[in-house]
Amino acid sequence: MCGIVGYVGHRDAVPVLLEGLHRLEYRGYDSAGVALVHRGRLKVHKAAVRVRELREQVGKAPGVVGIAHTRWATHGEVTDVNAHPHTDTSGRFAVVHNGIVENSDELRAKLQASGVTLVSETDTEALSHLIAAAAESHETLEEAVRAALRGVEGTYGLVVLDARRPTELVVARNGSPIVLGVGEGEMFIASDVAALVRHTQRVVYLEDGEIATVRAGDFQTTGREETVELADEDYQLGEFTDFMRKEMAEQPEAVRRALRGRLDSRFATAHLGGLRLDPRDLRDVRRVKFLGCGTAYYAGQIGANLVEELARIPADAEPASEFRYRNPVVDSDTLYVAISQSGETLDTLAAVQELKRKGGNVIGAVNVVGSAVARECGSGVFLHAGPEVSVASTKAFTNMTVSFAMLALLLGRVRDLSAAHGSRLVTALQALPDQIASILEADDEVAAIASKYAQAQHMFFIGRVRGWPVAREGAQKLKEISYVHAEAYQAAELKHGPLALIDAQMPSVVVVPQDELLAKNIGTIEQIKARGGPVIAVTNASLPEGLADAVIQVPRNEPELDPILLTIPLQMLAYHVAAALGRDIDKPRNLAKSVTVE
Ligand code: F6R
């Protein structure tokens with residue numbers, strides 16, 4: 001989704017800005033632009049092109065202050081004119097903006113009525129004219145921006161450049177992240193730390209509602225300076241051809257990080273200090289509700305199953321996007337868990353805000369430290385998956401499920417989960433990294449299966465109970481990166497309708513855990529086979545010889561953890577189908593890494 005970079009300092013701004021945009025490319029975008037000030041004049045280059053092409057267009061334009069943007073169209077088509085930065089009529093002010101101005105029609109109409117000619121179809125352009133108008137009656141740029149934003153409804157992360165004040169930038173945040181990178185006599189601005197870590201690890205996150213002036217040597221914000229433990233290498237491909245593959249391969253290490261220091265063998269439980277809940281608080285929890293979007297929601301479904309199984313308290317998962325709009329009943333005995341890799345997903349953030357407004361007890365399960373959801377929740381579990389660049393979430397999903405296994409263990413152990421059962425789970429969790437590594441080793445085998453079925457137009461993903469969220473996540477991964485239509489179904493529901501679709505052209509991926517439902521899952525495979533449907537079984541059981549057309553075997557562990565291991569081959573399958581079809585794996589069409597708009 002949209003990306004922002006800003007720079008004010010002593011070096012040429014262009015390379016810093018364009019390199020920053022390049023780091024944000026993974027978020028998805030359709031156009032790019034940059035604005036610089038040189039000798040008191042504003043120079044803007046923008047077009048519906050990739051950052052690489054923008055670089056050629058901009059060349060060696062001089063200037064030590066500038067702003068840049070990658071746009072993901074919301075208001076107005078993908079055109080050169082609609083790309084950011086946007087300027088006022090006189091060409092003095094330039095603005096880059098993430099988020100959506102909700103009353104932009106009204107603002108644009110008012111501006112037009114007062115004689116302003118708007119050249120683009122965007123909501124952002126209105127902001128540049130409003131700031132220009134406010135500047136006439138305000139001393140400083142910050143005051144002008146503050147005055148202009150008073151009439152603006154919606155979300156924004158904003159950076160403003162004034163050609164007459166080339167030593168400063170004004171930043172503003174409301175719902176869309178802005179982070180400052182503190183250098184030596186220079187300042188970096190971005191919507192995501194990925195664009196900064198090449199230059200500095202010292203960062204300051206702007207608070208919601210905050211507006212600040214940033215100069216090369218000083219800035220004033222309410223947030224404290226923090227050090228981020230991220231390096232530029234975390235955002236580099238290294239030996240890999242794409243980030244999805246790299247991030248899948250990182251899963252054993254990512255899980256080790258998630259578990260580090262959190263398992264207690266002596267008391268057969270987990271320590272999750274970030275929850276800020278003591279055993280008494282944990283005992284008071286009567287229900288757990290997981291909220292997230294897309295893959296995070298499916299991870300939540302696995303979390304809900306784990307909580308019910310291990311703690312025997314009711315739990316469920318709901319898409320945060322539905323929850324926020326349906327005037328939910330918020331109950332003070334429920335523990336709400338907001339799940340998000342990016343911590344920026346607007347629907348999830350809005351669900352958290354709705355919960356807080358109603359006095360709900362909400363914790364985060366977030367990967368990006370300092371992100372909006374993490375900050376809004378204030379307590380929770382960090383996922384420690386490391387930066388996830390590929391649009392398709394893999395290691396963050398796995399770390400979500402591992403974190404929920406620990407949460408369920410903790411909730412279980414303050415209730416009736418026995419020490420013996422807890423102990424088995426602690427050992428089982430510790431075994432996960434090596435088991436995941438062994439699944440990843442079967443890459444050639446999965447690639448061969450993928451190439452056999454890659455030409456299918458549609459695929460079913462079938463699972464029941466523990467296997468059901470796994471099937472949903474498998475279908476999600478396949479459709480998002482390969483564009484093959486995939487639908488997940490509960491095994492027993494097949495016979496109530498979808499079985500009519502089964503034929504030789506409709507492969508089904510069936511998730512078969514070695515649990516008490518094994519015989520039923522074998523029956524499901526037989527039903528599909530009887531109708532001529534090809535079956536790919538993903539299992540940790542020993543299935544009868546010849547039952548399925550292809551079998552992907554995963555190691556056994558404690559049955560409650562089966563969903564974690566059974567998902568890994570589905571990521572690999574989706575990856576190899578997408579690769580066989582020649583898709584742009586890290587940047588699937590129409591999708592963005594973090595969805596900061598409605
Ligand atoms: C799937 C995927 C999306 C995200 C969803 C939530 O691979 O990437 O479905 O999971 O947009 O994103 P976060 O976790 O950042 O809130």
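What to note about this one:
- Protein accessible area in the chain, 1.4 Å probe - carbon and sulfur %: 47
- Listed cross-link partners Lys395/Lys520; Lys289/Lys358; Lys452/Lys520; Lys479/Lys587 are compared with a 23 Å cut-off, the Cα-Cα value being larger for Lys395/Lys520; Lys452/Lys520.
- Most simply put, the chain has about 60% antiparallel DSSP beta bridges, counting only bridges with both residues inside it.
- Taking all pairs of distinct alpha-carbon atoms in the chain, Kirkwood radius in angstrom: 25.2
- With Cα atoms, 0 to 90° folded angle of helix 141-150 axis to the chain main axis: 60
- For the chain, the longest principal axis of the Cα atoms and the long axis of helix 419-441 meet at an angle of about 70 degrees.
- Look at where the Cα atoms of region 104-122 and of region 389-453 average out, and the two centres are 53 Å apart.
- Principal-axis tilt of helix 467-482 within the chain, Cα atoms, nearest 10 degrees: 50
- Computed helical MRE - 222 nm, the chain, DSSP H runs ≥ 4 contributing -39500 (n - 2.57), nearest 500: -11000 deg cm²/dmol
- Eligible lysines near Lys43 by straight Cα distance, threshold 16 Å, same-chain separation 8 or greater: Lys60
- Relative contact order [Cα under 8 Å, 6+ residues apart], the chain, whole percent: 12
- In loop segments of region 490-571 as defined by DSSP, the GluC sites (Glu not before Pro) with at most 16 further C-beta atoms inside 10 Å of their C-beta are Glu516, Glu545.
- Furthest towards positive pole of dipole, Leu478, Leu161, Leu291, structure part the chain, Cβ charges: Leu291
- For the listed peptides 467-473, 485-491, 393-399, a ranking on the average number of other beta carbons within 10 Å per residue, highest first, reads 393-399, 467-473, 485-491.
- Rolling a 1.4 Å probe over the heavy atoms of the protein chains gives the chain an accessible area of 38 Å² per residue.
- Shape analysis of region 20-114 places it in the oblate category; the axes a ≥ b ≥ c from the Cα gyration tensor give an a/c of at least 1.5, with a/b not above b/c.
The values are calculated or read from the model by the stated rules, or taken from the named source; none is laboratory data. Model, not experiment: these values are computed from the prediction. Using ideal geometry, Cβ is built from the backbone for each residue, glycine included, and neighbour counts are taken over all protein chains shown. All accessible areas refer to the heavy atoms of the entire protein, side chains included, with ligands and DNA or RNA removed. Shrake-Rupley method; radii C 1.70, N 1.55, O 1.52, S 1.80 Å.
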